[in-house]
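*Asks:* Below is the structure I would like to discuss, written out as structure tokens.
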Amino acid sequence: MAGFEVIEGQLKSLKAEGRYRPLTVWQGGSDSWMTLQDGRRVLQMSSNNYLGLTKHPALKKAAIEAIEDYGVGAGSVRTITGTLDIHNQLEQRLAAFKGTEATLVFQSGFTTNQGVLSSILGPDDVVISDELNHASIIDGIRLTKTNKRIFAHKNMDQLEDVLKESGPYRQRIVVTDGVFSMDGDIAPLPSIVELAERYDALVYVDDAHASGVLGKCGKGSTDHFGLHGRVHIQVGTLSKAVGAVGGYVATSQVLKEYLTHTARSFLFSTALPPSVAATCLAAIDVLQREPELTERLWANANSFRASLQADGFDTGGSETPIIPIIVGDPARTMAFSQRLLEEGICAQGIVYPTVALERGRVRLIVTAQHTADDLEFARDVLKKVGTEFGIL
Ligand SMILES: *Cc1c(COP(=O)(O)O)cnc(C)c1O
């Protein structure tokens, strides 16, 4: 009988390379302070729950009421019997929020990128992608037989060079993250849009870390830069700042109709639970009704980043609530992260191959829920451990 010897061998190699990470188990839900299994309370600085919406009373109420009305599951894929009125309401509301003709909702941001990219890219097209784009973009492209070009991170000269050569292709599509998840910097969308217009290319932005964060009421990077009507495809997530789970593409009615017939992750996977759709509708209400949440998020992020820089930390290119502290090699980075946890702060270590070998970092994510005291505590601990590690 066949066994798992091969897999076991691979797992051993992972361990030997120092890439084995047991899952950390938390008690209770996402919050600014969280409890580890051993009962220790730590300040959470690794969560994407930017606005604390996972426990917002209005979202909880909407979810509970929807479960009472609809039950817990959608019962089918969207194309058979799974399109409930509440899914349609969510798509209409998201389109109005984003200022686009239409939106289509998927089960996650990951499957949105997978479904959209694999549907629109063929062997006669070319996709031009920033080197630091998210794994789900890379995988979406891999599902196709399209032509792929990579430009160095945010390098507009390279992007233009590639676009210049791309005339003969049927379609040119430039793809970028809106906010880069490991560095916390923002894509130069105005320049990308200008170049795309000059060379007749479509623009595709993945706003997973910009949804609910960037732009008025968290409308995303297109709104942030005032580029409404000039970005063809905006992907967003409902899993991070919005507090639930799911993804969507905000785009034209034409692309929406095409995707409902071709995007395989949409066609062959069950619709979001109706309670999730209800939760997301309530989340959009909150984003528009409580703009002080995004304001507090940015005030926290900007003051905390400035204080870390004043203390002498290298925060890379951060300009959002994602704030990396560059430590260096992988082992030292993971040890740094571990020491922070011992001192009461959860700050995820991110190392090769996710980032370059010598650019290992702990990634801090500031939220609207962090208090001035929380951030002062974090600063003190970081100073202490940073000194210990000789990076200050
Ligand atoms: C997190 C993330 C995704 C995936 O979104 P999920 O809703 O968690 O599946 C896609 N793209 C980027 C840039 C992300 O950061």
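*Asks:* What pairs can you find where one residue is in the stretch 99-118 and more than 11 Å from the ligand (Cβ to nearest atom), the other is at pLDDT below 95 and of a type in the set (D, E, K, R), and their Cβ atoms are less than 7 Å apart, with a gap of 6+ or different chains?
*Replies:* Every condition considered, no pair remains.
*Asks:* I've got another one for you. In the stretch 134-154, what count of residues is obtained for those that are open to solvent by less than 10 Å² (accessible area, probe 1.4 Å), of a type outside the set (A, V, I, L, M) and closer than 23 Å to Leu255 by Cα?
*Replies:* 2
*Asks:* In addition: Taking the stretch 155-173 only, how many residues are in a loop (DSSP other than H, G, I, E, B) and either open to solvent by 40 Å² or more (accessible area, probe 1.4 Å) or outside the structural domain of Asn133 (by TED's automatic domain parsing) (or both)?
*Replies:* 7
*Asks:* Also, quick follow-up: Within the stretch 197-209, restricting attention to residues that are of a type in the set (A, V, I, L, M, F, W, C) and over 20 Å from Ala152 (Cβ atoms), which residue is nearest to the ligand (Cβ to nearest atom)?
*Replies:* Going through the qualifying residues, I end up with Ala208.
*Asks:* While we're on this one: If I ask for residues that are in a strand (DSSP E or B) and within 15 Å of the ligand (Cβ to nearest atom), which ones from the stretch 174-196 would you list?
*Replies:* Correct list: Val175, Thr176, Asp177, Val179, Ile186.
*Asks:* Among (1) out of contact with any strand residue (DSSP E or B) (no Cβ under 8 Å at 6 or more places or on another chain); (2) more than 15 Å from the ligand (Cβ to nearest atom), there is one condition Gly212 misses while meeting the rest; what is its number?
*Replies:* Going through the list (1) out of contact with any strand residue (DSSP E or B) (no Cβ under 8 Å at 6 or more places or on another chain); (2) more than 15 Å from the ligand (Cβ to nearest atom), Gly212 breaks only (2).
*Asks:* Inside the stretch 298-315, can you point out the residues that are touching a residue at least 60 places away in the same chain (Cβ under 8 Å), over 14 Å from Asp380 (Cα atoms) and in contact with a Ser or Thr (Cβ under 9 Å, 6 or more places away or on another chain)?
*Replies:* Asn300, Ala301
*Asks:* Please go through (1) of a type outside the set (A, V, I, L, M, F, W, C); (2) within 16 Å of the ligand (Cβ to nearest atom); (3) closer than 30 Å to Gly349 by Cβ for Gln234 and return the number of the only condition it doesn't satisfy.
*Replies:* Only one criterion is unmet by Gln234, namely (3).
*Asks:* Inspect the stretch 196-209 for any residue being of a type in the set (Phe, Trp, Tyr), farther than 30 Å from His87 by Cβ and open to solvent by 10 Å² or more (accessible area, probe 1.4 Å) and give the result as yes or no.
*Replies:* yes
*Asks:* Suppose we filter the stretch 33-46 for residues that are touching a strand residue (DSSP E or B) at 6+ places or on another chain (Cβ under 6 Å) and among the small types (Gly, Ala, Ser); how many remain?
*Replies:* Looking only at that region, the number is 1.
*Asks:* Somewhere in the stretch 233-247, is a residue farther than 21 Å from Ile86 by Cβ, open to solvent by 20 Å² or more (accessible area, probe 1.4 Å) and aliphatic (A, V, I, L, M)?
*Replies:* No: the stretch 233-247 contains no residue that is farther than 21 Å from Ile86 by Cβ, open to solvent by 20 Å² or more (accessible area, probe 1.4 Å) and aliphatic (A, V, I, L, M).
*Asks:* Considering only the stretch 237-256, state which residues are more than 11 Å from the ligand (Cβ to nearest atom), in contact (Cβ under 8 Å) with a residue 24 or more places away in the chain and not in a loop (DSSP other than H, G, I, E, B).
*Replies:* Val249, Ala250, Thr251, Gln253, Leu255, Lys256
*Asks:* So Thr279 fits all but one of (1) surrounded by fewer than 23 Cβ atoms within 10 Å (Cβ to Cβ); (2) over 17 Å from the mean Cα position of the chain (by Cα); (3) within 16 Å of the ligand (Cβ to nearest atom); what number is the exception?
*Replies:* Thr279 satisfies all of (1) surrounded by fewer than 23 Cβ atoms within 10 Å (Cβ to Cβ); (2) over 17 Å from the mean Cα position of the chain (by Cα); (3) within 16 Å of the ligand (Cβ to nearest atom) except (1).
The values are calculated or read from the model by the stated rules, or taken from the named source; none is laboratory data. As the structure is a computational prediction, the values presented were derived from the model and not from experiment. Glycine gets a Cβ as well: all are built from the backbone with ideal geometry, and neighbour counts include every protein chain shown. Accessible surface areas use protein heavy atoms only, side chains included; no ligands, DNA or RNA. Shrake-Rupley method; radii C 1.70, N 1.55, O 1.52, S 1.80 Å.
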